[in-house]
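Participant: Mind looking over this structure? Questions follow.
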């Protein structure tokens with residue numbers, strides 16, 4: 001019996017995300033929590049299932065444990081299928097060679113046999129570090145209509161920021177003339193979103209050729225796309241006009257969380273049609289105490305709030321004790337913020353305890369930057385932690401040795 | 001030790017006829033995100049019971065929708081798992097042979113299911129028990145004592161105003177049951193009430209059912225338990241943590257509001273390794289606007305709060321409009337309230353819409369109930 005899928009998605013989730021510092025010390029970037037009850041990878045995975053793509057290979061390399069555990073058999077995303085579904089694809093040892101993934105293109109190349117099993121007409125390449133809700137199906141329709149060999153999703157960025165992105169210069173019919181990686185003099189403002197659709201045959205052809213080129217960095221943006229352009233293949237840009245954000249830095253991760261707040265949030269998780277799915281952990285509803293104040297914030301199940309929460313995003317199981325103040329902050333799961341402490345302009349990783357009467361960070365207007373607090377730390381009562389620092393266990397030890405504990 | 005669980009899902013439906021008009025007692029929404037059956041189901045799963053039969057009678061569409069394949073309780077299994085046992089009428093049924101009306105008749109009708117199981121023990125439970133009980137400990141206790149059947153009891157205060165039937169168990173110093181009485185109009189005081197959780201050998205249950213069929217018995221308590229009190233060895237298992245069951249709409253209101261007590265929440269939801277599971281809805285976290293004011297309330301995911309909420313229970317997907325004041329109320333799933341509304345002691349069922357400016361109030365003893373899908 002012949003079985004095939006029209007499209008297979010390959011999700012690049014192996015990146016370390018070193019600019020997220022402490023947050024990615026023990027887990028890969030796509031597994032970083034976001035928006036209260038999600039992880040970054042929930043977005044591309046949910047986009048896939050909402051676009052009717054039910055076969056997703058997840059390429060992992062860096063610290064895959066949390067990600068493997070989180071994705072499991074894919075059931076929360078309806079990706080537990082008898083033919084297809086979600087599949088974790090770590091690097092492996094083959095009979096003739098054993099290699100880490102040497103680049104985005106090489107990672108796909110090493111898994112050509114996986115793609116081949118489903119005999120797809122199209123391969124969708126995605127990355128696991130962006131927050132956006134997108135219908136890949138309409139991009140695929142565009143790809144078919146233009147009879148392209150490769151379609152690259154692009155997103156309008158301000159001209160002043162265009163030098164931080166891969167920029168696509170296109171004709172009026174959206175065919176790509178030129179691709180420039182982080183140009184100092186950008187000619188357009190159409191930035192690549194890291195979402196590609198390839199005709200499978202062309203993809204295999206270029207991946208194989210690239211593999212044989214010893215000088216190649218085995219990267220889609222740097223090698224595959226330029227090679228296809230040089231060879232005169234049909235490359236098109238597909239304009240996406242929804243919300244899109246690269247959350248590769250602490251600042252952008254914080255900003256993306258804040259974009260969920262407000263009367264008209266820039267990114268709404270509430271529209272019924274394109275729901276974002278995530279793994280649920282059976283937590284009770286959240287409780288708000290008699291003296292609590294919650295304003296312009298996102299609160300997840302399992303939280304108990306007795307203090308004040310302003311302009312913040314709280315993941316499940318966070319406890320805010322009486323008279324504690326959390327402001328302009330993003331707090332991950334099961335953090336305990338003890339009484340009369342103040343947390344300002346901070347991103348705090350899971351399972352950390354912030355001692356009573358501690359002061360973490362500074363008011364956003366006065367702070368030089370976001371304070372980042374690592375996971376499973378115990379910050380003693382009365383500790384003062386300045387703004388714009390990265391608090392690890394070593395940082396705390398040093399602080400306490402110097403007698404940096406408050407009154 | 002292998003155990004199969006059996007849950008009666010329509011038992012006590014008439015207690016809160018308002019909420020069970022379109023659903024079973026088992027699927028009555030409770031505590032922001034749960035249905036009553038979630039407690040019994042989770043208790044079974046947390047005690048290692050992975051084969052559960054749910055006896056249904058009528059109105060069980062909402063229950064089937066809630067349970068689905070059972071995967072949210074880890075009960076989608078190749079071996080065992082959850083089975084809905086709907087009523088049926090055999091091909092030879094005559095007009096008298098209609099659907100069962102009592103617990104014993106329900107058991108008779110699932111005789112084939114019970115004898116088809118391979119488990120050694122069986123736990124029978126009602127669906128409306130709000131508690132977090134370690135059934136494993138109860139089963140072990142049952143095996144140790146070597147009793148024919150073990151009944152869970154809890155010492156509780158019974159008020160004179162408790163009009164509905166509560167079954168009271170008397171026992172001797174060896175914890176052997178000496179009497180079971182149905183409470184009607186007791187004057188008040190502490191009594192050991194029957195929690196309606198029984199443990200016995202599956203073979204023993206089969207024998208009871210065979211005997212009941214042979215003698216045409218209809219009532220489990222009267223015909224089986226009381227008749228056999230002297231001959232059989234029935235014992236009690238004393239449970240002493242939080243327990244509530246709902247006997248009226250006012251009682252439902254009271255039990256719901258009791259969740260605002262930290263001790264109650266801890267006893268139900270804060271037990272290590274014993275989470276209460278429910279159907280996953282994938283709602284986004286709740287969002288509070290800049291004008292939101294919330295005090296002493298329990299709130300599920302998916303809510304949008306722009307007004308004031310006080311001493312209330314909000315289910316998933318509730319919207320509280322600007323200038324709206326919700327007080328002492330229970331708003332079930334997807335209740336939408338407009339702007340400048342005042343609600344006090346109101347229970348709204350699912351999908352109720354309340355338009356701008358309405359003022360509605362009940363009283364604690366008589367909460368104002370608004371039917372599912374109403375538009376006010």
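Participant: What residue, of A:135, A:173, is over 30 Å from residue A:255 (Cβ atoms) and in contact (Cβ under 8 Å) with a residue 12 or more places away in the chain?
Facilitator: Numbers: A:135 fails: over 30 Å from residue A:255 (Cβ atoms).
Going through A:135, A:173 in turn, the sole match is A:173.
Participant: Now for a separate question. Residue B:309 is checked against (1) more than 7 Å from chain A (Cβ to nearest Cβ); (2) closer than 19 Å to residue A:302 by Cα; (3) part of a loop (DSSP other than H, G, I, E, B) and fails just one. What number does that condition carry?
Facilitator: (3)
Participant: Among the residues of the range A:12-26 satisfying the criterion of being surrounded by 23 or more Cβ atoms within 10 Å (Cβ to Cβ) and within 30 Å of residue A:116 (Cα to Cα), which is nearest to the other protein chains (Cβ to nearest Cβ)?
Facilitator: Result: A:13.
Participant: Now, a different point. Which residues, taken from the range A:85-108, are free of Cβ contacts under 8 Å to residues at least 40 places away in the same chain and more than 14 Å from residue A:57 (Cα to Cα)?
Facilitator: Of everything in the range A:85-108, those that are free of Cβ contacts under 8 Å to residues at least 40 places away in the same chain and more than 14 Å from residue A:57 (Cα to Cα) turn out to be A:92, A:93, A:94, A:95, A:96, A:97, A:98, A:99, A:100.
Participant: While we're here: Can you name the condition, by its number, that residue A:47 falls short on among (1) more than 14 Å from chain B (Cβ to nearest Cβ); (2) more than 17 Å from residue A:104 (Cα to Cα); (3) modelled with pLDDT under 95?
Facilitator: (3)
Participant: Can you name the residue in the range B:291-306 that is within 23 Å of residue B:73 (Cβ to Cβ) and either touching a strand residue (DSSP E or B) at 6+ places or on another chain (Cβ under 6 Å) or facing chain A (nearest Cβ under 7 Å) (or both) and is also surrounded by the most Cβ atoms within 10 Å (Cβ to Cβ) among such residues? Spell out the reasoning first.
Facilitator: Just the residues of the range B:291-306 that are within 23 Å of residue B:73 (Cβ to Cβ), to begin with: B:298, B:300-302.
From the residues that got through so far, the ones that are either touching a strand residue (DSSP E or B) at 6+ places or on another chain (Cβ under 6 Å) or facing chain A (nearest Cβ under 7 Å) (or both) too are B:298, B:300-301.
Details: B:298: 24, B:300: 23, B:301: 27.
Among residues in the range B:291-306 that are within 23 Å of residue B:73 (Cβ to Cβ) and either touching a strand residue (DSSP E or B) at 6+ places or on another chain (Cβ under 6 Å) or facing chain A (nearest Cβ under 7 Å) (or both), the one surrounded by the most Cβ atoms within 10 Å (Cβ to Cβ) is B:301.
Participant: What strands (runs of 3 or more DSSP E), lying completely within the range A:227-312, carry at least 2 residues that are touching a helix residue (DSSP H, G or I) at 6+ places or on another chain (Cβ under 7 Å) and more than 7 Å from chain B (Cβ to nearest Cβ)?
Facilitator: A:235-240, A:244-246
Participant: When you look at residue A:334, is it more than 8 Å from chain B (Cβ to nearest Cβ) and either out of contact with any strand residue (DSSP E or B) (no Cβ under 7 Å at 6 or more places or on another chain) or assigned to a loop (DSSP other than H, G, I, E, B) (or both), yes or no? Write out each step before concluding.
Facilitator: Working: more than 8 Å from chain B (Cβ to nearest Cβ): yes; either out of contact with any strand residue (DSSP E or B) (no Cβ under 7 Å at 6 or more places or on another chain) or assigned to a loop (DSSP other than H, G, I, E, B) (or both): yes.
Yes, satisfied.
Participant: With the requirement that a residue be in a loop (DSSP other than H, G, I, E, B), closer than 22 Å to residue A:289 by Cβ and facing another protein chain (nearest Cβ under 8 Å), what does the range B:271-290 give you?
Facilitator: The answer is B:276, B:285, B:289, B:290.
Participant: So residue B:261 clears everything in (1) within 18 Å of residue A:290 (Cα to Cα); (2) within 8 Å of another protein chain (Cβ to nearest Cβ); (3) surrounded by fewer than 19 Cβ atoms within 10 Å (Cβ to Cβ) except one condition, right? Which one?
Facilitator: (2)
The values are calculated or read from the model by the stated rules, or taken from the named source; none is laboratory data. Bear in mind the structure is a predicted one, so any value in this text is a computation, not a measurement. Note that each Cβ is placed from the backbone with ideal geometry, even for glycine, and that neighbours are counted across all protein chains shown.
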